[in-house]
Amino acid sequence: MTTPDPGPASSAADSAGSSTRAPTLPIAPWNDASPRFGDRTFRRLAEATGALIAVLVIAIGGFLLWRAIPALQRNQENFFTYRGNWVTADTSAMHFGILDLLQVTVFVSIFALILAMPVGLGVAIFLSQYAPRRLAGALAYTVDLLAAVPSIIYGVWGLYVLAPQLRPVATWLNHSLGWCFLFADGSASAAGGGTIFTGGLVLAVMILPIITAVTREVFMQTPDEQIEAALALGATRWEVVKTTVLPFGRSGYVSGAMLGLGRALGETVALLIILRGTQKAFGWSLFDGGSTFATKIAATAWEFNDRYKAGAYIAAGLVLFLLTFVIDAIARGVVAGSVRGRR
């Protein structure tokens with residue numbers, strides 16, 4: 001079969017139609033080789049911002065190291081293992097170390113985290129899964145307000161209000177569980193309640209809003225399809241939380257806990273008021289006193305007029321600076337493992 005020739009009339013019509021058709025503009029491919037001006041600008045700004053943060057962190061670490069080296073060179077003790085008194089009066093032969101500071105800082109922070117994590121998890125589950133929306137908003141706002149209370153208020157409240165109320169509890173724990181080193185009669189047990197036990201409880205209240213807020217926001221992002229599917233299969237509300245909400249929000253819960261731990265490690269004024277330092281070595285009892293990195297530096301700020309004395313405390317600050325990096329690395333590893341397990 002042959003196709004009929006359209007003839008000269010049809011060819012002329014096609015030529016006329018094509019002559020009046022609008023020209024087609026070339027479309028630039030959407031790739032990195034030819035980005036638009038706005039995308040290119042935004043990308044450069046984002047890269048510059050990220051680089052600036054990295055430079056600032058490196059600069060802070062470099063400054064701390066630069067100021068700490070002269071004092072470390074004059075230190076007559078092992079900086080990491082010495083746990084005696086901090087003696088910097090004679091700058092030609094100084095005696096200082098961070099072992100006690102490190103132990104007290106980690107001990108009181110972990111104690112506060114152990115107290116705050118279960119409470120924060122329970123509050124987050126209630127606000128996101130059980131409470132009515134109107135009530136949940138009001139309660140969430142109330143919990144968030146705890147983060148707005150100044151540290152000095154927490155310190156005064158902990159020492160003069162909370163500590164007297166806790167003294168009977170501390171006495172009972174000491175008499176009943178004194179065989180355990182955690183509840184043994186510490187060096188500061190009679191010092192008006194200025195102990196790690198009181199400081200840890202106050203720290204737990206201070207970091208509770210951080211843990212609760214982060215965990216609640218992650219729990220609220222649980223897909224409705226998963227919750228509805230679990231309910232359709234006959235699961236109770238608690239079974240929905242256990243099988244759907246908790247696995248989905250585990251990484252957020254860990255992230256909130258690590259943020260709270262970072263807050264506890266660097267807390268200064270509240271613990272400075274409560275612990276008030278002791279000259280005796282820390283003995284791993286909740287009823288001991290002591291000094292953290294932050295409280296030791298804050299309590300001796302009057303010595304910063306000398307570069308060597310200041311350098312000794314800056315060296316301690318450098319260790320605290322590095323400690324936060326270690327905590328952040330551990331948290332990122334836990335969160336990454338949790339996300340991989342969920343997938």
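Charges only on Cβ, +1 for Lys and Arg, -1 for Asp and Glu: so what's the dipole of the range 43-341 about the Cα centre, in debye to the nearest 20? Before the final figure, lay out the partial values.
On the way: 20 positive and 16 negative charges, 45 e Å.
Around 220 debye, computed over the range 43-341.
Provide His175, His95 ordered by accessible surface of protein heavy atoms (probe 1.4 Å), highest first.
Solvent-accessible surface, decreasing: His175, His95.
Return the FRET efficiency for the residue pair Phe63, Gln165: r is the Cβ-Cβ distance, R0 is 41 Å, and the value is rounded to the nearest 0.05.
Working: r = 43 Å, r/R0 = 1.06.
With R0 = 41 Å, the Cβ-Cβ based efficiency is 0.40.
For the range 43-341, rounded, prolate or oblate, judged on the Cα gyration tensor with a ≥ b ≥ c (square roots of eigenvalues), a/c < 1.5 rounded, else prolate if a/b > b/c?
On the way: a/c = 2.40, a/b = 1.45, b/c = 1.65.
Oblate.
Taking 0.36 nm per residue of sequence separation and subtracting the Cα-Cα distance, how much length would be gained by fully extending the chain between Ala46 and Arg307, in nm to one decimal?
Separation in residues times 0.36 nm, less the Cα-Cα distance, equals 90.1 nm.
The values are calculated or read from the model by the stated rules, or taken from the named source; none is laboratory data. Keep in mind that what you see is a predicted model, and the values were worked out from it rather than measured. Ideal geometry is used to build each Cβ from the backbone, glycine not excepted, and the neighbour counts take in all protein chains shown. When the accessible area is computed, the model is the full protein with side chains, heavy atoms only, and any ligands, DNA or RNA have been set aside. Shrake-Rupley method; radii C 1.70, N 1.55, O 1.52, S 1.80 Å.
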